[in-house]
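Undergrad: Encoded as structure tokens, here's the structure I'll be asking about.
Please treat every number below as a calculation from the coordinates, not as lab data. Remember, predicted model here, so these are calculated numbers, not experimental data. Every residue, glycine as well, gets a Cβ built from its backbone with ideal geometry; the counts of neighbours run over all protein chains shown.
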Amino acid sequence: MLLDTPTLYFRAYFGLPESITAPDGMPVNAVRGTVDFISALVTAYRPDRLIACFDADWRPAFRVAAIPSYKAHRVLEVAAEAPAGAGPSADANAKEGAERPVSASVEVVPDTLSPQVPVLEAVLDAFGIARGWADQFEADDAIAAYAAAHDGPVDVVTGDRDMYQLVDDEREVRVLNIARGVSKLEVVDDSTLITKYGIAGRGYADFATLRGDPSDGLPGVAGIGEKSAAALVAEFGSLEGILAALDDPGSALKAAARKRLDAARAYLAVAPQVVRVRADAPTVPVDSRLPSSAADPDGLEALAERFGLGSPVKRLRKTLAGAP
């Protein structure tokens with residue numbers, strides 16, 4: 001099981017009230033919710049291996065170079081005199097003894113969420129739950145790389161439908177989409193995608209490239225929406241096949257689609273670099289075996305007491321021990 005951890009802690013943060021605090025008054029709603037999410041997921045799906053994947057760089061330079069608008073609306077404007085890497089999310093990228101690189105651009109993150117991320121990391125470490133990432137890449141890329149390296153079934157837990165591109169029935173890779181909540185997650189396999197979009201997971205990245213995604217600053221091809229994007233991928237097999245048809249005057253490509261695709265050639269030349277996750281991302285080595293007991297019981301108890309996490313820590317300990 002590969003966790004898109006930022007999705008989990010953002011969902012926990014916005015789903016639980018900030019009145020959930022540590023004894024010193026620090027909000028811990030994101031930590032508490034994420035720990036309970038992990039407990040619920042492990043209880044329901046019983047993976048033997050689990051990696052909580054994090055962003056090393058939430059907006060990699062190679063994607064911004066390809067499409068400057070990529071996630072641009074989420075960039076925090078940092079004052080010129082501020083030190084490099086400063087900002088409300090800077091502390092979220094470091095943990096003593098296990099540092100992840102700080103992103104060159106700072107993401108807009110609620111002030112009361114940023115301090116909770118290192119606490120979550122410390123709790124995961126005390127449990128002995130693997131934390132994974134890939135230097136200079138997003139959590140999505142790390143997930144793709146860990147999934148590619150694993151010889152066996154993989155469940156990807158995320159709320160990002162772009163991760164549907166990893167779905168592969170032959171390799172037994174599926175997505176557990178938590179967009180509607182962990183308790184109401186949708187299990188997505190190739191048949192789900194074929195029913196919903198008319199394409200399997202292997203065609204999803206090309207479909208997403210054509211359709212675009214305003215939430216990530218990806219314009220897509222003007223005039224081509226979800227239905228027409230899916231139809232093009234289904235008919236021509238891939239973006240490469242679509243472009244080959246575009247260059248062939250005798251192809252079955254319809255005139256309206258031909259005109260729109262031709263106008264978007266510059267975008268289509270670079271968009272795949274942004275949309276496709278990188279299964280070759282250089283992940284850090286981890287021991288992904290799911291522990292049955294805490295790796296650092298004393299440290300875990302100290303964290304639970306300091307941050308008021310007694311109940312969720314107790315629940316996850318019981319879950320890892322296999323208790324009902």
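Undergrad: Any aspartates and glutamates with Cα under 15 Å of the Lys227 Cα? List them, leaving off those in the same chain fewer than 8 positions away.
TA: Straight-line reach from Lys227, under 15 Å: Asp206, Asp213, Glu235.
Undergrad: In whole Hz, what ³J(HN,Hα) sequence does the stretch 34-48 give by Karplus (6.51, -1.76, 1.60; θ = phi - 60°), x for Gly and Pro?
TA: After applying 6.51 cos²θ - 1.76 cosθ + 1.60, I find 5, 4, 5, 4, 4, 4, 5, 5, 5, 4, 6, 10, 6, x, 8 Hz.
Undergrad: Also, I was wondering about something else. Amide H neighbours of Thr21 under 5 Å, at least 5 residues apart or on other chains, H built in the peptide plane: list them.
TA: Val28
Undergrad: Can you list residues whose amide H is under 5 Å from Asp135's amide H, if they're 5+ apart or on another chain and H is modeled 1.01 Å from N?
TA: Hits under the 5 Å cutoff: Val284.
Undergrad: With the crude spin-label approximation of a point 7 Å out along Cα→Cβ, what separation in nm comes out for Glu240 versus Lys254?
TA: Output for this residue pair reads 2.7 nm.
Undergrad: Going through the cross-link list Lys196/Lys318; Lys196/Lys259; Lys71/Lys196; Lys71/Lys314; Lys184/Lys254; Lys71/Lys318, which pairs have a Cα-Cα distance over 31 Å in this structure?
TA: On the way: Lys196/Lys318 38 Å; Lys196/Lys259 27 Å; Lys71/Lys196 26 Å; Lys71/Lys314 38 Å; Lys184/Lys254 40 Å; Lys71/Lys318 39 Å.
Listed pairs above 31 Å: Lys196/Lys318; Lys71/Lys314; Lys184/Lys254; Lys71/Lys318.
Undergrad: Sticking with this one: Taking all pairs of distinct Cα atoms, average 1/r, flip it, and tell me the Kirkwood hydrodynamic radius of the stretch 200-318 in Å to one decimal place.
TA: Hydrodynamic radius (Kirkwood, Cα only) of the stretch 200-318 equals 18.0 Å.
Undergrad: Provide the percentage of antiparallel DSSP beta bridges, counting only those with both residues in the chain; round to the nearest 5.
TA: 40 percent
Undergrad: Please turn the phi angles of the stretch 195-208 into ³J(HN,Hα) values with the Karplus equation 6.51 cos²θ - 1.76 cosθ + 1.60 (θ = phi - 60°), one per residue in order, whole Hz, x for glycine and proline.
TA: In residue order, the calculated couplings are 5, 7, 10, x, 9, 8, x, 5, x, 5, 4, 5, 4, 5 Hz.
Undergrad: What ranking do Tyr164, Tyr13 get, fewest neighbouring Cβ atoms within 10 angstrom at the top?
TA: Details: Tyr164 27, Tyr13 22.
Arranged by neighbour count, lowest to highest, Tyr164, Tyr13 become Tyr13, Tyr164.
Undergrad: Turning to a different aspect of this structure: For the stretch 177-183, what does the Karplus curve 6.51 cos²θ - 1.76 cosθ + 1.60, with θ = phi - 60°, yield as ³J(HN,Hα) per residue in whole Hz, taken in order and with x for Gly and Pro?
TA: Using θ = phi - 60°, the values come out as 7, 9, 4, 9, x, 5, 6 Hz.
Undergrad: Please label the shape of the stretch 177-247 as rounded, prolate or oblate, based on the square roots a ≥ b ≥ c of the eigenvalues of the alpha-carbon gyration tensor (a/c under 1.5 means rounded; beyond that, a/b larger than b/c means prolate, else oblate).
TA: It comes out oblate by the Cα gyration axes.
Undergrad: Quick one: order Leu176, Leu232 by neighbouring beta-carbon count within 10 Å, fewest to most.
TA: Values: Leu176 22, Leu232 26.
Exposure proxy ranking, most exposed first: Leu176, Leu232.
Undergrad: Ok, one more. Once Rh is set to the Kirkwood radius over Cα pairs, what Stokes-Einstein translational diffusion coefficient, in µm²/s, holds for the stretch 1-64 at a temperature of 25 °C and a viscosity of 0.890 mPa s?
TA: 185 µm²/s
Undergrad: If you work out mean projected area of the Cα convex hull in nm² from the coordinates, which of (1) 19.2; (2) 15.4; (3) 17.5 do you get?
TA: (3)
Undergrad: Starting with the fewest neighbours, write out Trp133, Trp58 ranked by other beta-carbon atoms found within 10 Å of each beta-carbon.
TA: In increasing order of surrounding Cβ atoms, one gets Trp58, Trp133.
Undergrad: Can you give me the long-range amide H partners of Ile199? Hydrogens built in the peptide plane at 1.01 Å from N, cutoff under 5 Å, separation of 5 or more residues or another chain.
TA: Ile194
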